[in-house]
Amino acid sequence: MKPTSLIEALQDADMLEIDGLYAWQFDLDTELLAQISAGTAGSDSAAKPLLQVHCIDGRERRLWKFSLASVQAARYSETDDSWLIEGNEVSHSLKCFAAYRGDNDDDDGQDEA
């Protein structure tokens, strides 16, 4: 099932790709999301940074910051399974990836001798 918003996609993501660069480290302000959900967020919450994406590009450390309003306004593109998000007057392509998780418990109900 595809997420209906970028916020939903980010909550399930383990890794991001931004403008073709893989970013293992990103921060989603879950406290701000909780305040919005509870209706206790301030009037300036739309301008607050909700998402920070960290990446190493060669030897250069890169950081992107996106406000709540930018994340909420992101548009999904089915063509390449990405989100178009505006940041600092530049558009970025963002893909969300969820890691596959395996179960190391090979117990199938039978004891081995």
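Partner lysines whose Cα lies under 22 Å from the Cα of Lys2, excluding those fewer than 8 positions away in the same chain, are identified as Lys95.
Placing +1 on the Cβ of every Lys and Arg and -1 on the Cβ of every Asp and Glu, with nothing else charged, gives segment 6-97 a dipole about its Cα centre of roughly 260 debye. Gain on full extension, evaluated as 0.36 nm per residue between Ser91 and Glu17 minus their Cα-Cα distance, stands at 25.3 nm. Got a sec? Charge dipole of the chain, +1 on Cβ for Lys and Arg, -1 for Asp and Glu; which of Cys55, Leu28, Asn88 is way out at the positive end? After comparing all options, I get Asn88. Per residue, segment 6-97 exposes 60 Å² of solvent-accessible protein surface, assessed with a 1.4 angstrom probe and all protein chains in place.
Electrostatic tally near Ser45: other residues with Cβ closer than 13 Å to its Cβ, Lys and Arg +1, Asp and Glu -1, net -2.
Once C-alpha pairs closer than 8 Å and six or more residues apart are averaged by separation and normalised to the residue number of segment 6-97, the relative contact order reads 31 percent.
The values are calculated or read from the model by the stated rules, or taken from the named source; none is laboratory data. Keep in mind that what you see is a predicted model, and the values were worked out from it rather than measured. Here Cβ is always computed from backbone atoms with ideal geometry, including for glycine, and neighbour counts include all displayed protein chains. For the accessible areas, the whole protein counts, side chains as well, though only heavy atoms, and no ligand, DNA or RNA atoms are used. Shrake-Rupley method; radii C 1.70, N 1.55, O 1.52, S 1.80 Å.
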